[in-house]
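Reading through the structure tokens given below for one structure.
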Amino acid sequence: MTDTGNDKINVLGKQTNWEDLYFYQKADIVYQMSFAFCNRFIHPYKDRTRDQIIQAARSCKQNIVEGLADGVTSSEMQMKLLNVARASLKELREDFEDYLKSRHLQYYIAGEERYNVMLDYCRHHNRLPDYEPFFDKWNDEQMCNYGLTLCHMIDKMMMSFMKRLEQEFITEGGIKERMHKARTGYRQQQDTRLKELETRLPELESELFKANAEMMKWKSSYEDLRQRALKSYYKQQEEISRLKALIEEMKKK
């Protein structure tokens, strides 16, 4: 039977474990850092920036989770939500930059030792416990610069990830295409199997006819042999009876 490859088609998309992705791990760090930053440096009632920073950081992290979860059934929704996460990240970067500008604090510049130290640390550390001890030690300038650096890294990683998703969509299609392909493949398998059975049916019928003819032949031979055996048996019985009678007659003489 022709193999259509239907058994290799997965209708549902791959479930990605977001906790294993570096950009999610860094997004979680940024959210926790943003929360600590606001608690330390932004007044809880007098500055609306506090809520905006926390919500933007949370939106980035949560939309990554929701987007990757929705990716099982919808590539389109996955891409949209991941882009929403990037938009929230952009908003958060703007808030950090505005904070530095409005308070006349410094950006860390490429080539500076503190910039190189920060960049190296952010590149090689992706877990929250690596950053939490500094949340109470860094000043606001340091937290903003580390937050900005992490935001840039997350955005770059997410763009690479989305490019990969784009390529997968081009080569594999979305769920509707996979469902259609799976259903079409299944029907092709059934049609191929049906044609094979229809082709073999005359051959099977011919074999059955021959088998029945052979059976009737053997049945006829068996009946003939049976009748001959019975005839021989009765003849022998008659001969035995005749001999017994003859023996009895001779004894009397």
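General remarks:
- Within-15-Å neighbourhood charge of Q62 [Cβ basis; K, R +1; D, E -1]: 0
- With a cut-off of 12 Å between beta carbons, the residues surrounding K80 carry a summed charge of -2, where Lys and Arg count +1 and Asp and Glu -1.
- Residue of I64, I53, I170 that the Gaussian network model of the chain assigns the largest fluctuation, springs spanning Cα pairs under 10 Å: I170
- Note that the chain carries a Kirkwood radius of 25.4 Å, evaluated over its alpha carbons pair by pair.
Values in this text are rule-based calculations from the coordinates and carry no lab data. All of these numbers come straight from a predicted model, not from anything done at the bench. Every residue, glycine among them, receives a Cβ derived from its backbone with ideal geometry; neighbour counts consider all protein chains shown.
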